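Note sheet for the following structure.
The values are calculated or read from the model by the stated rules, or taken from the named source; none is laboratory data. Note that this is a predicted model, so its numbers are computed, not measured. Cβ coordinates were reconstructed from backbone atoms using ideal geometry, including for glycine residues, and neighbour counts include every protein chain displayed. All accessible areas refer to the heavy atoms of the entire protein, side chains included, with ligands and DNA or RNA removed. Shrake-Rupley method; radii C 1.70, N 1.55, O 1.52, S 1.80 Å.
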Amino acid sequence: MKLQIENIAIGYAQRHADTRLLAERLSLAAPEGELIALLGRNGVGKSTLLRALAGVAAPLQGRVLLGGEDIAGMTAHERARRIAFVTTEHVAVAHLRVHEVVAMGRAPYTGWFGTLSAEDERIVGESLERVSMGAFRNKALESLSDGERQRVMIARALAQDTPLMLLDEPTAFLDLPNRYQIALLLRELAHGTGKTVVFSSHDLSTAVQLCDALWVMTPGGVAAGAPEDLMRSGALDAMFGGTPLTLSPEGVVKLDRPAKYTVKITDTAAISRIAALAARTAERCGFRPMTDKTGETPVAEIKILEEGRRFELTDARNGTAFRVDDFHALAALLRQFGDAL
Amino acid sequence: MKLKFILFLVLLAALFAADVLVGSTGVLWPFGGGDASAGEIAQRILFDFRLPKAAVALLAGIALAASGLLMQTVFRNPLAGPYVLGVSSGASLGVAVFLLGLPMLGGAGIARDLGVAISAWIGAAAILLLVMAVSARIKDIMAVLILGMMFGSAASAFVDVLQYFSSDTALKGFVIWSMGSLGGLSHGQLLIMAVCVAGGLLLAAGSVKSLNLLLLGEGYARSMGVSVKRVRGVIFLATSLLAGSVTAFCGPIGFVGIAVPHIARMVFRRADHRVLLPASVLIGADMMLFCDLVSQLPGSDLILPVNTITALLGIPVVVMVVVNSKRGRMM
């Protein structure tokens with residue numbers, strides 16, 4: 001089902017102050033079967049926007065439509081059958097078992113006692129299989145790792161059988177491989193089941209590589225589009241406005257540091273990989289690496305010797321040279337050299 | 001799991017029988033031999049004293065354990081309970097206001113009993129409302145607990161002030177009430193208590209699904225269609241009814257409400273309220289009957305206040321939970 005956001009304003013009530021407005025006149029759309037990442041800096045209003053989409057907190061203005069129907073007009077029960085939400089709440093309850101958590105996703109469909117029908121049981125099992133947690137059915141939630149736990153929470157959302165799934169920072173606290181796996185899983189879910197999946201994240205590189213569209217939230221508003229569209233328009237860089245970070249065309253974030261001095265890198269063995277690493281080392285120590293062609297006068301020269309097993313740092317002013325065996329020692333030399341300049 | 005339930009049921013039957021048969025007048029064999037007059041006395045002791053007392057112990061255990069479980073889930077606080085959060089003190093304050101402040105309304109018989117019960121509910125509800133309001137703003141488990149204790153102490157202080165200014169006869173009535181005991185309830189009082197406990201339990205049983213969803217957190221519960229406000233209201237009502245009635249008729253009894261749900265979790269190793277509620281109710285009844293039995297010190301004329309026995313049994317469990325919760329576990 002298509003999700004449409006029409007001209008909404010979001011914010012939250014404050015004590016002893018006016019309502020804090022986070023964003024207004026937002027209009028966005030999420031087509032069926034797409035994975036969308038909501039990006040933006042801390043405090044920009046990602047969670048508030050997700051809560052508005054989930055119908056947990058109503059927007060200050062405007063409408064959120066799901067399949068053309070205003071979610072504000074639905075009862076809590078109707079909403080629960082259309083929107084599943086994975087929140088940032090940490091569940092730390094002893095003896096709670098994995099299949100019990102997933103079975104809770106069936107709550108909008110079961111009676112007052114929560115008894116599962118055969119069909120409910122089948123959906124619970126299927127949801128667990130889909131997130132590859134079938135073997136953990138009877139394990140206690142407490143005994144799982146953060147990544148496994150997040151998979152269980154996603155299985156619970158799956159069991160809720162909704163056309164829209166929202167996740168608030170599902171990859172926070174996860175290591176890099178886990179972050180990719182969770183994002184990949186969400187992508188499979190969106191494409192394989194036709195669900196619309198929107199998740200907030202701080203992980204730009206997974207979002208750029210795996211999402212069909214990004215919503216980049218800044219205090220000025222939300223820019224939406226495919227990752228490449230946002231790179232072309234520069235909207236993705238807007239996230240880093242006022243910080244020394246820049247985004248390379250490959251989607252890699254780099255720290256921009258002004259370098260006063262230049263060092264020349266001479267690669268005698270012509271191993272480009274080692275030369276690139278030497279350039280990185282120089283940059284990390286506050287020098288601008290240069291190739292032979294540029295016209296600047298370098299303050300020193302790094303020579304790569306013995307097929308990259310040794311390095312020589314030569315002071316361009318007096319010709320003193322030091323030889324070292326690894327980048328760690330080279331960096332120490334460069335820092336000393338930089339301090340002396 | 002079924003086996004555990006059966007075991008606790010058998011234990012309950014045994015404890016109930018023991019509690020009825022053993023008492024300050026020694027072991028009673030109502031149906032065995034003896035002359036007619038001795039048999040009649042035995043019958044009277046049995047039906048007017050021991051059976052009501054055992055029934056009250058049963059009801060009090062059920063009510064306190066159930067209210068403790070409800071409070072722990074709704075407050076998301078493993079250390080919540082009617083006694084520690086000051087709800088029992090609130091009920092005492094209600095009773096004190098009724099017995100000391102308004103002695104002219106005292107009346108007698110069933111009207112007085114109902115008055116005591118209603119004032120206890122109102123007092124319990126007032127403190128519960130305060131603690132709920134505070135816990136909506138403060139998420140820190142320990143802070144809510146300390147505030148609950150402060151509210152409880154404030155209520156006790158009010159009771160002291162009331163005692164200071166009241167007449168001798170009113171004071172005497174209140175002091176007798178406040179010493180608390182499972183015995184001495186009239187059949188009318190027993191009936192009021194039974195109806196209240198049944199009502200509170202029904203409200204709790206009707207909320208098991210929502211209580212389970214609340215385990216994941218309010219956000220999750222809402223996203224699955226739970227009206228958190230409504231559940232809170234129902235649980236608030238159930239807890240006031242359960243904890244208030246027990247306090248009204250037995251005086252403040254500590255540590256059953258907080259400890260029993262944890263014993264249930266440890267024994268049954270489940271978090272599901274469809275298991276925990278009946279398990280807590282059963283274990284609570286077992287525990288109160290056991291405490292009552294011990295408090296009579298079979299073979300001696302001494303009767304200890306049941307409160308001391310429940311404290312001795314409950315406190316180790318609470319200490320264990322505190323140690324566990326410091327390691328980051330919720331329940």
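Considering every residue in A:188-197, what mean count of other chain Cβ atoms within 10 Å of its Cβ is obtained?
Mean partner-chain Cβ count within 10 Å for A:188-197: 0.
Averaged across B:76-82, how many Cβ atoms of other chains sit within 10 Å of each residue's Cβ atom? Please list the in-between numbers first.
On the way: counts 3, 0, 2, 0, 0, 0, 0.
Other-chain Cβ atoms within 10 Å of each residue's Cβ, averaged: 1.
Over the stretch A:261-340, give the accessible area per residue in Å² for a 1.4 Å probe, as an integer.
59
At R0 = 41 Å, how high is the FRET efficiency between residue B:102 and residue B:230 if r is their beta carbon distance? Nearest 0.05 is fine.
Plugging the Cβ-Cβ distance into 1/(1 + (r/R0)^6) gives 0.75.
On the full set of protein chains, 1.4 Å probe, figure out the accessible area of residue A:324 and give it in Å² to the nearest 10.
Probe radius 1.4 Å; accessible area of residue A:324 about 20 Å².
Step through the residues of the stretch B:216-226 one at a time and calculate ³J(HN,Hα) from phi using the Karplus curve (6.51 cos²θ - 1.76 cosθ + 1.60, θ = phi - 60°), rounding each to whole Hz and writing x for Gly and Pro.
The phi angles translate into 6, x, 5, x, 4, 4, 4, 5, 9, x, 7 Hz.
For chain A, set up a Gaussian network in which alpha carbons nearer than 10 Å are linked by springs, and say which option among A:257, A:273, A:41 fluctuates the most.
Comparing A:257, A:273, A:41 in the GNM, the peak value goes to A:273.
Ignoring ligands, DNA and RNA, how do B:75, A:199, A:173 rank by accessible area with a 1.4 Å probe, largest first?
Solvent-accessible surface, decreasing: A:173, B:75, A:199.
Considering every pair of different Cα atoms, what Kirkwood radius, in Å, is found for the protein assembly as shown?
Computed over Cα pairs of the protein assembly as shown, the Kirkwood hydrodynamic radius comes out at 29.7 Å.
Averaged over peptide A:96-108, how many Cβ atoms belonging to another chain are found within 10 Å of each residue's Cβ?
Neighbouring Cβ atoms belonging to other protein chains average 4 per residue here.
Can you put B:250, A:285 in order of accessible area, largest first, using a 1.4 Å probe?
Heavy-atom accessible area, descending, gives A:285, B:250.
Translational diffusion coefficient of the stretch A:129-168 at 4 °C, 1.567 mPa s, Stokes-Einstein with Kirkwood Rh over Cα pairs, in µm²/s as a whole number.
In µm²/s, the coefficient is 120.
Just to be sure I understand: with springs between alpha-carbon atoms less than 10 Å apart, which residue in B:224, B:287, B:142 has the highest mean-square fluctuation in the Gaussian network model of chain B?
Highest fluctuation of the listed residues: B:224.
Counting other Cβ atoms within 10 Å, which trypsin sites (Lys or Arg not before Pro) in the stretch A:1-37 have at most 16 and lie in a DSSP loop?
Numbers: sites: A:2, A:15, A:20, A:25; in loops: A:2, A:15.
Answer by residue number: A:2, A:15.
Roughly how big is the A-B contact, given as buried accessible area in Å² (both sides, 1.4 Å probe, nearest 100)?
Between A and B, the summed buried area is about 2600 Å².
Using modelled amide H (1.01 Å from N, peptide plane; none on Pro or chain starts), what sits under 5 Å from the amide H of residue A:62, excluding residues fewer than 5 places away?
Residues meeting the criterion, in which the H sits 1.01 Å from N, are A:9.
Report the antiparallel proportion of the DSSP beta bridges in the protein assembly as shown as a percent, rounded to a multiple of 5.
Among the beta bridges of the protein assembly as shown, antiparallel pairing accounts for roughly 55 percent.
Under a 1.4 angstrom probe, counting protein chains only, how are B:177, B:121 ranked by accessible area, largest first?
Numbers: B:177 35, B:121 55 Å².
Result of the area sort, largest leading: B:121, B:177.
To the nearest 10 Å², what's residue A:261's accessible area with a 1.4 Å probe?
Residue A:261 has an accessible surface of roughly 70 Å² with all protein chains in place.
To the nearest 500 deg cm²/dmol, what mean residue ellipticity at 222 nm is calculated for the protein assembly as shown from DSSP H runs of n ≥ 4 alone, each contributing -39,500 (n - 2.57), summed and divided by the residues?
Using -39500 (n - 2.57) per qualifying helix, the result is -17000 deg cm²/dmol.
Hey, what angle do you get for helix A:272-284 against the long axis of chain A, alpha-carbon based, 0 to 90 degrees rounded to 10?
80
Going down the list A:46/B:229; A:139/B:209; A:2/B:229; A:139/B:2; A:46/A:260; A:195/B:139, which pairs span over 28 Å between their C-alpha atoms?
A:2/B:229; A:46/A:260; A:195/B:139
List residues of the stretch A:191-227, by number, whose backbone nitrogen lies under 14 Å from a label position 7 Å along Cα→C-beta of residue A:41.
A:217-221
Express in whole angstrom the spacing between the alpha-carbon centres of the stretch A:165-211 and the stretch A:311-341.
Going from one Cα centre to the other spans 44 Å.
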